[in-house]
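Student: Here's a structure for you.
No lab work stands behind these numbers, since they all come straight from the coordinates. Predicted, not measured: the structure shown is a model, and the values here were computed from it. Counting neighbours? That spans all protein chains shown, and the Cβs are built from the backbone with ideal geometry, glycine included.
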Amino acid sequence: MNLVYVFGAEIVPEGTYQVQSVDLACHAAAAEQDFSVALTMPTGRWGDVSGPDRQPDGAVNFTDIGGVVDRFKQITDAPATVLADLYPALPDQKINFSDIGRCVEAFKELPYHPPVVPICAPANEESIAP
Ligand SMILES: [Ca+2]
């Protein structure tokens with residue numbers, strides 16, 4: 001099984017989405033019968049990037065904040081960048097103090113508030129780090 005990460009300003013934490021796939025060749029003129037059966041998928045808790053086994057565990061605490069800090073410090077067993085990249089809403093694959101600050105906000109139970117983002121993200125020429 002392959003793992004796919006989906007992101008975008010429309011995808012928010014603690015949401016539930018119906019996901020369908022369609023053959024790229026059919027995409028331009030796809031009809032309902034071209035799509036797969038919808039799969040219901042929840043998104044994770046806001047700020048939950050780590051747990052005892054370095055995977056999200058449903059709780060937001062110092063382990064999560066430490067996980068983002070560890071990713072910032074590029075520690076080998078830190079949570080994956082795709083998990084620690086909490087800022088901006090369109091992930092930039094860069095971990096910095098903004099990501100740490102957003103995790104602290106989640107720990108303080110401040111609500112998720114997506115920042116205003118451009119319609120299209122700027123091109124990111126850097127490779128995606130694990
Ligand atoms: Ca956690």
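Student: Under the Karplus relation 6.51 cos²θ - 1.76 cosθ + 1.60, θ = phi - 60°, what is the ordered set of whole-Hz ³J(HN,Hα) values for the range 87-104, x standing for Gly and Pro?
Tutor: Going residue by residue, I get 9, x, 4, 8, x, 10, 6, 10, 9, 8, 5, 5, 5, 4, x, 5, 5, 4 Hz, with x marking Gly and Pro.
Student: Given the options Gln55, Gln74, Gln18, state which has the largest fluctuation in a GNM of the chain using a 10 Å cut-off (strictly under) for Cα springs.
Tutor: Of the options given, Gln18 has the highest mean-square fluctuation.
Student: For the range 29-39, just list the computed ³J(HN,Hα) in residue order, Karplus coefficients 6.51, -1.76 and 1.60, θ = phi - 60°, integers in Hz, with x standing in for Gly and Pro.
Tutor: Whole-Hz 3J(HN,Hα) from phi for the range 29-39: 10, 5, 9, 3, 5, 7, 8, 6, 5, 5, 10.
Student: R0 = 22 Å: FRET efficiency of Gln20 with Tyr112, Cβ-based, nearest 0.05?
Tutor: Working from the Cβ atoms, E equals 0.30.
Student: While we're on this one: So what is the diffusion coefficient of the chain in µm² per second by Stokes-Einstein at 10 °C and 1.306 mPa s, using a Kirkwood Rh over Cα pairs?
Tutor: 99 µm²/s
Student: Now for a different question. For the chain, what is the charge dipole size about the Cα centre, in debye to the nearest 20, if Lys and Arg each add +1 at the Cβ and Asp and Glu each add -1 at the Cβ?
Tutor: 280 debye
Student: Once you've got the GNM for the chain with C-alpha springs shorter than 10 Å, pick whichever of Glu105, Glu32, Glu14 has the biggest mean-square fluctuation.
Tutor: Comparing Glu105, Glu32, Glu14 in the GNM, the peak value goes to Glu32.
Student: How many nm is it between the label spots at Val4 and Ala31, if each spot is 7 Å from the Cα in line with the beta carbon?
Tutor: In this crude spin-label approximation the distance works out to 2.3 nm.
Student: Which whole-angstrom value gives the distance between the alpha carbon centres of the range 57-80 and the range 1-43?
Tutor: Taking the Cα centre of each part, the range 57-80 and the range 1-43 sit 28 Å apart.
Student: Of Asn96, Ile11, Ala38, whose Cα points farthest to the positive end of the dipole of the chain (charges on the beta-carbon: +1 Lys, Arg; -1 Asp, Glu; origin at the Cα centre)?
Tutor: Asn96
Student: Given contacts defined as C-alpha pairs under 8 Å and at least six residues apart, what's the relative contact order of the range 16-107, whole-number percent?
Tutor: Relative contact order here is 22 percent.
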